[in-house]
Amino acid sequence: MNTLMSVRGLRKHFGDADVIKGVDLDIHEGEVVVVIGPSGSGKSTLIRCLNNLEPATAGDIVLSGSNGGRDSLARLRDEVGMVFQDYTLFPHLSILRNMTLAPMKLRGLARAEAEAQAMKLLERVGLAHKAHAYPAELSGGQQQRVAIVRALAMQPRLMLFDEPTSALDPETVNEVLQVMKELAAEGTTMVVVTHEMGFAREVADRVIFFDGGRIVECAPPAQLFSAPCEERTRQFLTHVLK
Ligand SMILES: Nc1ncnc2c1ncn2[C@@H]1O[C@H](COP(=O)(O)OP(=O)(O)OP(=O)(O)O)[C@@H](O)[C@H]1O
Ligand SMILES: [Mg+2]
């Protein structure tokens, strides 16, 4: 398996707060890595560092095909897509404009080309008929599906998801998880922070239990959920699986 991203000695401080305390991780091409862990353990900070949205205090994050130098950090923003809990669509732009903005500005696509690509992506998540609507006219689940394909429009090599379903009504959670399952099945490389243990079991190649700014344990879901090696993982799982 080829390594797509290699993380070594990653640390992040906010002032005195030591939030990420040394993370080493290889993400392989086509792999789905799910990150679970208690609130405040640093999961969001960790994945925000992976696309350089949050500059790391120390350590290296290298995407395959780059040399680890300074512009390889710039490449992280460009080549790693991210979907947040609260969808973050631009409220004053139509769905279509939300979709075409970055590909036109940052990828230099002509409008017609960007719109054709956007319509294809919207069709894929059953939302082509909403192209001319505004975000506020869509349900949370619909907005989140747009946020996912908006990130895909930049053709990222890695997709990061930070609790993409936790702001949604229970009935709409599945429509978003379904899109993510399809992406995984197509071979999209993904790192997903989630509390959806069913998704983790079904889709993850590896599950990371993250606590106190560190990877406590990392294993395939069958192993991590039924026979965790660490007592802390066991405690967390008894808490969330009951
Ligand atoms: N910009 C910031 N400035 C200062 N402290 C921060 C900042 N962002 C996060 N922190 C702190 O870092 C710690 C980890 O936060 P983070 O959001 O990464 O946790 P999390 O595991 O994602 O939690 P949750 O499950 O609640 O989303 C927390 O103590 C938080 O207060
Ligand atoms: Mg978080």
- [ ] Using the structure shown, decide if Met1 is more than 16 Å from ligand 1 (Cβ to nearest atom) and either among the aliphatic types (A, V, I, L, M) or over 30 Å from Lys130 (Cα atoms) (or both).
- [x] yes
TODO: Could you tell me whether the range 84-92 includes any residue that is without any contact (Cβ under 8 Å) to a residue 60 or more places away in the chain, outside any loop (DSSP other than H, G, I, E, B) and closer than 28 Å to Ser44 by Cα?
DONE: no
Open item on the list: On the basis of being modelled with pLDDT of 95 or more, on the phi < 0 side of the Ramachandran plot, surrounded by fewer than 17 Cβ atoms within 10 Å (Cβ to Cβ) and under 22 Å from the mean Cα position of the chain (by Cα), does Glu202 make the cut?
Closed with: yes
- [ ] Test Asp169 against the criterion of being surrounded by fewer than 21 Cβ atoms within 10 Å (Cβ to Cβ), out of contact with any Cys (no Cβ under 8 Å at 6 or more places or on another chain) and under 21 Å from Glu79 (Cβ atoms), and give yes or no.
- [x] no
TODO: Among the numbered conditions (1) free of Cβ contacts under 8 Å to residues at least 40 places away in the same chain; (2) within 16 Å of ligand 1 (Cβ to nearest atom); (3) surrounded by 17 or more Cβ atoms within 10 Å (Cβ to Cβ); (4) not in a helix (DSSP H, G or I), tell me where Leu109 comes up short.
DONE: (2)
Task: Any chance Leu177 is without any contact (Cβ under 8 Å) to a residue 24 or more places away in the chain, more than 16 Å from ligand 1 (Cβ to nearest atom) and in contact with an Asp or Glu (Cβ under 7 Å, 6 or more places away or on another chain) - done: yes
Open item on the list: Condition first: touching a helix residue (DSSP H, G or I) at 6+ places or on another chain (Cβ under 7 Å) and free of Cβ contacts under 8 Å to residues at least 24 places away in the same chain. Can you find one or more residues in the range 125-141 that meet it?
Closed with: yes
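Yes/no per residue for (1) closer than 24 Å to Ser39 by Cβ; (2) among the aliphatic types (A, V, I, L, M); (3) part of a strand (DSSP E or B):
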residue: Ala151; (1), (2), (3): no, yes, no
residue: Gln155; (1), (2), (3): no, no, no
residue: Phe161; (1), (2), (3): yes, no, yes
residue: Pro164; (1), (2), (3): yes, no, no
residue: Val173; (1), (2), (3): yes, yes, no
residue: Val192; (1), (2), (3): yes, yes, yes
residue: Cys229; (1), (2), (3): yes, no, no
residue: Arg232; (1), (2), (3): yes, no, no
Task: Candidate set: the range 10-55, residues that are of a type in the set (Asp, Glu) and not in a strand (DSSP E or B); chosen: the one nearest to ligand 2 (Cβ to nearest atom) - done: Glu54
- [ ] Among the numbered conditions (1) crowded, with 20+ Cβ neighbours inside 10 Å; (2) among the aliphatic types (A, V, I, L, M); (3) within 16 Å of ligand 1 (Cβ to nearest atom), tell me where Leu158 comes up short.
- [x] (3)
Task: Only listed residue being farther than 22 Å from Met180 by Cα and either surrounded by 14 or more Cβ atoms within 10 Å (Cβ to Cβ) or away from ligand 1 (no atom under 12 Å from the Cβ) (or both), chosen from Arg77, Arg97 - done: Arg97
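The values are calculated or read from the model by the stated rules, or taken from the named source; none is laboratory data. In this text the structure is predicted, and so the values were computed from the model without any measurement. In this analysis, Cβ positions are derived from the backbone assuming ideal geometry, glycine residues included, and neighbour counts consider all displayed protein chains.
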